[in-house]
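**Student:** Can you read through this structure? Questions will come right after.
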Amino acid sequence: MTPSVQPIDSRSVTELVTNELRRSIVSGDLAPGATFSLREIADLLNVSFIPVREALRNLEGEGLVITNPGKSARVAPLDLEDLHAIYTLRGYLEPQIARASCLLITDSELDRLYEQTQHFGDPTHTIDTVYESHHAFHADLLAPAATTWDMRTLNSLWRAAERYIRIGFKKAVPDPEENLRRQREHEHLVVTFRLRDPDAAAAAVARHLSLNEATAQRGLAAYTETV
């Protein structure tokens, strides 16, 4: 008789620790440049030393932490040149995919995405509460023309940019119209894709990326001057 209880995969603990540390870093709860011991993190999360060490290896591979000799680590500092490099790569890739996607995406999918943009204007939202839906919006907008490798590359770039965007937008000078601006920006993307004009779609995506980078750069510049 086959046992009904399945063995526990120890990697799940490492994944949980990785996810929690990543969340703390990209949200800014663990500040850029902050140092901590592996034992401190293990005690805070009530786990053993081993999954913390494995989690930090994962996060070091993502460029989020720098491990030090011994048993300590440091949150990777913010680098505005890195942010620009990430957006330069996105600026090469995303507009080109948009050129093809605007010809392939269905009207019903554009209707759904337009409806999703209305949530971006909710005044109660912050960059933290809309980041995941914002990520999904852009993935779905490009998906009809994106290859598996396109999406792998984009997800890597989006993850690399996440900490900069979350912290940068939160540190930018507060704008009471920010949520409405975000809604209108994304409405504009959908409306432009409906034109089925590759040049217009590519230009709209490039403009959107440029605006987002500029906002993040302003917030991060102010932030790095105070730390």
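**Student:** For residue 31, are the conditions met, namely being outside the structural domain of residue 138 (by TED's automatic domain parsing) and touching a strand residue (DSSP E or B) at 6+ places or on another chain (Cβ under 9 Å)?
**Tutor:** Yes.
**Student:** Looking only at the range 167-179, count how many residues are modelled with pLDDT of 80 or more, in contact with a helix residue (DSSP H, G or I) (Cβ under 9 Å, 6 or more places away or on another chain) and farther than 24 Å from residue 75 by Cβ.
**Tutor:** Number of matching residues: 2.
**Student:** Okay, next question. Does residue 91 meet the test of being closer than 22 Å to residue 59 by Cβ and out of contact with any His (no Cβ under 9 Å at 6 or more places or on another chain)?
**Tutor:** no
**Student:** Which count do you get for residues in the range 193-203 that are over 13 Å from residue 142 (Cα atoms) and of a type outside the set (Asp, Glu)?
**Tutor:** The total comes to 5.
**Student:** What number of residues in the range 38-69 are polar (S, T, N, Q) and surrounded by 15 or more Cβ atoms within 10 Å (Cβ to Cβ)?
**Tutor:** Count: 2.
**Student:** Determine the pairs where a residue that is on the phi < 0 side of the Ramachandran plot, located within the range 34-47, has a partner that is part of a loop (DSSP other than H, G, I, E, B) and surrounded by fewer than 14 Cβ atoms within 10 Å (Cβ to Cβ) with Cβ atoms under 7 Å apart, the partner being 6 or more residues away or on another chain.
**Tutor:** 42/48
The values are calculated or read from the model by the stated rules, or taken from the named source; none is laboratory data. On a predicted model such as this, the values are computed, not experimentally measured, just so you know. When we count neighbours, we look across all protein chains shown, and the Cβ atoms used for this are built from the backbone with ideal geometry, even at glycine.
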